[in-house]
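To start, the structure under review is shown below, and the notes come after it.
The values are calculated or read from the model by the stated rules, or taken from the named source; none is laboratory data. A quick note: this is a predicted structure, and the numbers were derived from the prediction, not measured. For neighbour counting, all protein chains shown are included, and Cβ atoms are generated from backbone atoms with ideal geometry for every residue, glycine included.
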Amino acid sequence: MEGPDELQCPFCTAEFTESAFLADNNFVAVYNIAPILPGHSLVVPRRHAESLMDLSANEVSGFFGFAREATRQLLKAFNGDGFDWSLQEKESAGQTVAHLHLHIVIRRKGDLEETGDWYPLVEQSENTLLDSFSRKKLDNEEYRLITNRLRKMVSGGKNL
Ligand SMILES: [Zn+2]
């Protein structure tokens, strides 16, 4: 059943979930439409859960296991040697789309002047998330190329 929240949620649209490069029955990993660094992606539960606190214990374990696999693939695809994860919960923490999402930021030595410079960038990207994904910019050619390349890499994976 879809409530009003789901109807207005950019992460509950078919366009969004169909743009996944990695997916299973419960979660999708989607390349960020405006990546702060190459590889920047989002992991999102398929069902409209606003908060990590709304997931069952099984879902929490599924979420982080899935996120780890997505990160593993992104590290390979973008020659990363490290990564940052970030999860904003509620407006006070900078959450803009009220649907749980984990940012995966793939890191390489020297990619930013200071290693901590990624966080303000993620905060800025939060501000554009709602805009970017609700305006359906997903027909962007470069975006499609990256997603297709990632899909090929993970095609050993399930449900793609
Ligand atoms: Zn949603």
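Tabulated values for the structure
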item: Single residue of the range 70-101 satisfying the filter (under 17 Å from Ser125 (Cβ atoms) and of a type in the set (Val, Ile, Thr)) that is nearest to the chain's Cα centre (by Cα); result: Val97
item: Residue check for Phe83: assigned to a strand (DSSP E or B) and away from the ligand (no atom under 15 Å from the Cβ); result: yes
item: Test: Phe63 is outside any loop (DSSP other than H, G, I, E, B), over 18 Å from Ile106 (Cβ atoms) and modelled with pLDDT of 95 or more; result: yes
item: Where a residue in the range 50-62 is small (Gly, Ala, Ser) and its partner, wherever it lies, is exposed (fewer than 13 other Cβ atoms within 10 Å of the Cβ) and part of a loop (DSSP other than H, G, I, E, B), with Cβ under 6 Å and at least six apart; result: none
item: Total residues in the range 132-156, condition among the basic types (Lys, Arg) and modelled with pLDDT under 85; result: 3
item: Test result for Val60, within 16 Å of the ligand (Cβ to nearest atom) and either crowded, with 17+ Cβ neighbours inside 10 Å or hydrophobic (A, V, I, L, M, F, W, C) (or both); result: no
item: Residue that is nearest to the ligand (Cβ to nearest atom), among those in the range 17-31 that are in contact with a Leu (Cβ under 6 Å, 6 or more places away or on another chain) and in a loop (DSSP other than H, G, I, E, B); result: Ser19
item: Evaluation of Ala34 against (1) in contact (Cβ under 8 Å) with a residue 40 or more places away in the chain; (2) in a loop (DSSP other than H, G, I, E, B); (3) within 16 Å of the ligand (Cβ to nearest atom) (one fails), failing number; result: (3)
